[in-house]
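The values are calculated or read from the model by the stated rules, or taken from the named source; none is laboratory data. From a predicted model like this one, the values you see are computed outputs, not experimental measurements. Quick reminder, even Gly has a Cβ in these numbers, built from the backbone with ideal geometry, and neighbours come from all protein chains shown.
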Amino acid sequence: MKPLAQAVDLLLRNDPLLVFDFDGTLAPIVRNPDAAAMRPSTKALLGELTAIWPCAVVSGRASSDLICRLGGLRFRAVVGNHGAEWGRSLPVAAAARRDVQKWLALLVPALGEYAHVRIEDKGLSLTIHHRGALPELPRILSGLARARIVGGKNSVNVIPARLPDKGDAVLRLGRQFRPGAILYVGDDESDEDVFRLETTVELVSVRVGASPFSRARYSLPAQADIDELLCLLLEGAAHARLSA
Ligand SMILES: [Mg+2]
């Protein structure tokens, strides 16, 4: 973690904003996504961290679902639906919701017969959870108008193409909090929308689980290593306060 430790050290000298994805980043990937939860150790470390720096979560989950899983921690912003769901509805949201319902009406008859498939309606997007192969899925998804298809872990996300993505969300958080530097940690294809950003302030991008295709500058070997990164941030915070 040495190059990352150096980047974190620099980050914390610059009034940072710390942004995290949830599944596969703060919480381990589990077979049943409804059972996903942070480890108590992760939650405790985040409790300390959120008291020091502004922290935010940007996730593919619906905001209401996400908030329930954050255990009352003091995140300054919680953004759902891959960057599109904020406290106040975006102007494009109504049309996006209509598209999602149209896709649902096509997907339920096309996929409903498969026992290993579950379609999750998140209002502003759909997630198709599947265990095992679904070779006909690309053909079915290609018939959905105005859809952006983003792969996930044991899942495929169907997102209105006109909605903001996670990259847009991080830029918006940057305008809102005006940090001197941003940390973003994520594990999946949708997080690449952040990793490929060009920002005016330093972006320390960290992918959980290295990928040869990732644009992230740093990586953590596995989700279980998130606590080590959070400890690093807390140690750095202590140093930054001592040297201030
Ligand atoms: Mg994730």
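When we screen V57, V8, V19 for residues that are farther than 28 Å from G132 by Cα, away from the ligand (no atom under 16 Å from the Cβ), surrounded by 19 or more Cβ atoms within 10 Å (Cβ to Cβ) and of a type in the set (V, I, T), the only hit is V8. Residue check: L126 meets all listed conditions (1) within 16 Å of the ligand (Cβ to nearest atom); (2) farther than 21 Å from L220 by Cβ; (3) touching an Asp or Glu at 6+ places or on another chain (Cβ under 7 Å) but one, namely (1).
Contact map, segment 123-140: first residue charged (D, E, K, R), second residue in a loop (DSSP other than H, G, I, E, B), Cβ cut-off under 7 Å, separation 6 or more or different chains; pairs are R131/H116; R131/N154.
Report, by residue number, each residue of segment 165-184 that is closer than 30 Å to D99 by Cβ and either in contact with a Phe, Trp or Tyr (Cβ under 9 Å, 6 or more places away or on another chain) or within 16 Å of the ligand (Cβ to nearest atom) (or both).
Just the residues of segment 165-184 that are closer than 30 Å to D99 by Cβ, to begin with: 165-176, 184.
Result: D165, K166, G167, A169, V170, R172, Y184.
Residue check: is V79 β-branched (V, I, T), farther than 22 Å from A224 by Cα and in contact with a strand residue (DSSP E or B) (Cβ under 6 Å, 6 or more places away or on another chain)?
Working: β-branched (V, I, T): yes; farther than 22 Å from A224 by Cα: yes; in contact with a strand residue (DSSP E or B) (Cβ under 6 Å, 6 or more places away or on another chain): yes.
Yes: the conditions hold for V79.
Against the condition at pLDDT below 95, surrounded by fewer than 20 Cβ atoms within 10 Å (Cβ to Cβ) and within 16 Å of the ligand (Cβ to nearest atom), how does A222 come out, does it pass? The answer is no for A222.
Close contacts from segment 47-66, counting a first residue that is under 12 Å from P33 (Cβ atoms) and modelled with pLDDT under 95 and a second that is of a type in the set (V, I, T) and not in a helix (DSSP H, G or I), with Cβ to Cβ under 9 Å and a gap of 6+ residues or different chains, come to none at all.
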